[in-house]
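The values are calculated or read from the model by the stated rules, or taken from the named source; none is laboratory data. In this text the structure is predicted, and so the values were computed from the model without any measurement. Positions of Cβ are generated from backbone atoms using ideal geometry, with glycine treated the same way; all protein chains shown enter the neighbour counts. Each accessible area value is taken on the protein alone, full model and side chains, heavy atoms only, with ligands, DNA and RNA left out. Shrake-Rupley method; radii C 1.70, N 1.55, O 1.52, S 1.80 Å.
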Amino acid sequence: MAADRPRPPGPPPAKDMVWVPGGRFLMGSEDFYPEERPVHRVEVDGFWMDAHPVTNAEFRRFVKDSGHVTVAERPPDPDDYPDADPDLLVPGALVFRATTGPVDLRDWRTWWAWVPGASWRHPEGPDSTLHGRDRHPVVQVAYEDAVAYAAWAGKALATEAEWEYAARGGLEGKVFCWGDDFSPKGRMLANTWQGEFPWQNLLTDRYAGSSPVGAFPPNGYGLADMAGNVWEWTSDFFTLRHPDEVEHTCCVPHNPQVAAPATAEAIPRRVIKGGSHLCAPSYCLRYRPAARQGEAVDTSTGHIGFRCLVRSADSKEA
């Protein structure tokens, strides 16, 4: 542990959790996508965070103990989807399908397909398995599933501010979790897409899909996979932009959270962070701490997972 890093308030509340000391930071970015603006100061308290995304093995233990049935494993309620084809109202999830060549990047339906039978147990569809992927992040989990796991584990999902602060690893204003250079000296530091999305993946990072957690170096707080691999759910509702900076130091937002939808939506959206193995510079340069995206809470896909935290005030050891 660095000599100038505040000591944790006690031992970790659970295995594979690391201490993220509280502090102030500049949240957001002015240099990439509009929803990341404006840059503004935020303060968060310290917390314990999972060192890596929740894995298939960990989620399997949760399901075995709790009997939880994920959103993707249940038939959708027809009342929630009045215009849907009744034949599609069966358990399933969205699965990525690489195209055979260049396509219009404005139409995500070109590479995403609704696959009946796809779920966390069968991420690519009913014929797929988790064999050899116990240490990979669990995917095909909707927001409700992530919240249920967190409650079972005695933890919570991070707010967007907590997640971004943790992802920065103590580096103020840097583009990536490790600095400003995406691949310093040619070294790949995250599982992302290299090449022309969604048809040409050069596999410079060696992975075509998800990777085992911890396959790439952790950030300055000891957190692995805060960039790439899989997107991660946070507890905040999505807004089109950040609030404007508060000028007075005494009014810097402290542990902010967007706890209610900004606008009425049939299906609310929560913020996901971190990007995934499907993010490419030409399409989705979002494997950065400041990057953010809104995802419908009923959505299960093959590139969204989650991790949990325990806030200092909630920890028995604090």
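Miscellaneous remarks
- Residue in segment 197-215 that is open to solvent by 30 Å² or more (accessible area, probe 1.4 Å), at pLDDT 95 or above and not in a loop (DSSP other than H, G, I, E, B) present: no
- Top-ranked residue of segment 86-141 - restricted to ones that are over 26 Å from A280 (Cβ atoms) and among the polar types (S, T, N, Q), ranked as least open to solvent (accessible area, probe 1.4 Å): S119
- The residues in segment 70-89 that are closer than 21 Å to H303 by Cα and either at pLDDT 95 or above or charged (D, E, K, R) (or both) can be counted, and the count is 5.
- Residue count, segment 19-35 (criterion: over 17 Å from E162 (Cβ atoms) and either open to solvent by less than 20 Å² (accessible area, probe 1.4 Å) or more than 20 Å from the chain's Cα centre (by Cα) (or both)): 3
- Residue within segment 9-18 that is surrounded by 13 or more Cβ atoms within 10 Å (Cβ to Cβ) and either polar (S, T, N, Q) or modelled with pLDDT under 95 (or both) present: yes
A quick yes/no check of all residues on (1) out of contact with any Gly (no Cβ under 7 Å at 6 or more places or on another chain); (2) farther than 23 Å from A227 by Cβ; (3) of a type outside the set (D, E):
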{"position": "P9", "(1), (2), (3)": "yes, yes, yes"}
{"position": "M27", "(1), (2), (3)": "yes, no, yes"}
{"position": "D31", "(1), (2), (3)": "yes, no, no"}
{"position": "V44", "(1), (2), (3)": "no, no, yes"}
{"position": "D50", "(1), (2), (3)": "yes, no, no"}
{"position": "D79", "(1), (2), (3)": "yes, yes, no"}
{"position": "P86", "(1), (2), (3)": "yes, yes, yes"}
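- Verdict on R60 being at pLDDT 95 or above, assigned to a strand (DSSP E or B) and among the basic types (K, R): no
- Close pairs (7 angstrom Cβ cut-off, 6 or more residues apart or separate chains): over 25 Å from G154 (Cβ atoms) in segment 63-78, surrounded by 10 or more Cβ atoms within 10 Å (Cβ to Cβ) and aliphatic (A, V, I, L, M) anywhere: P75/L89; P75/V90; P76/L89; P78/L89
- Per-region count, segment 119-136, residues of a type outside the set (K, R) and over 24 Å from Q200 (Cβ atoms): 10
- Residues satisfying the stated conditions in segment 163-190, i.e. exposed (fewer than 12 other Cβ atoms within 10 Å of the Cβ) and in a helix (DSSP H, G or I): K185, G186
- Close Cβ contacts (under 7 Å, 6 or more residues apart or on different chains) running from residues in segment 272-297 that are under 11 Å from Y33 (Cα atoms) and open to solvent by less than 10 Å² (accessible area, probe 1.4 Å) to residues that are of a type in the set (D, E) and not in a loop (DSSP other than H, G, I, E, B) comprise A290/E36; A290/E164; A291/E36; R292/E35; R292/E36; R292/E160.
- Meets criteria (assigned to a loop (DSSP other than H, G, I, E, B), under 14 Å from W163 (Cβ atoms) and out of contact with any helix residue (DSSP H, G or I) (no Cβ under 8 Å at 6 or more places or on another chain)) for G275: yes
- Where R41 falls short, out of the listed (1) without any contact (Cβ under 8 Å) to a residue 60 or more places away in the chain; (2) open to solvent by 80 Å² or more (accessible area, probe 1.4 Å): (1)
- Unmet requirement for A158, which otherwise passes all of (1) closer than 30 Å to D45 by Cβ; (2) not in a loop (DSSP other than H, G, I, E, B): (2)
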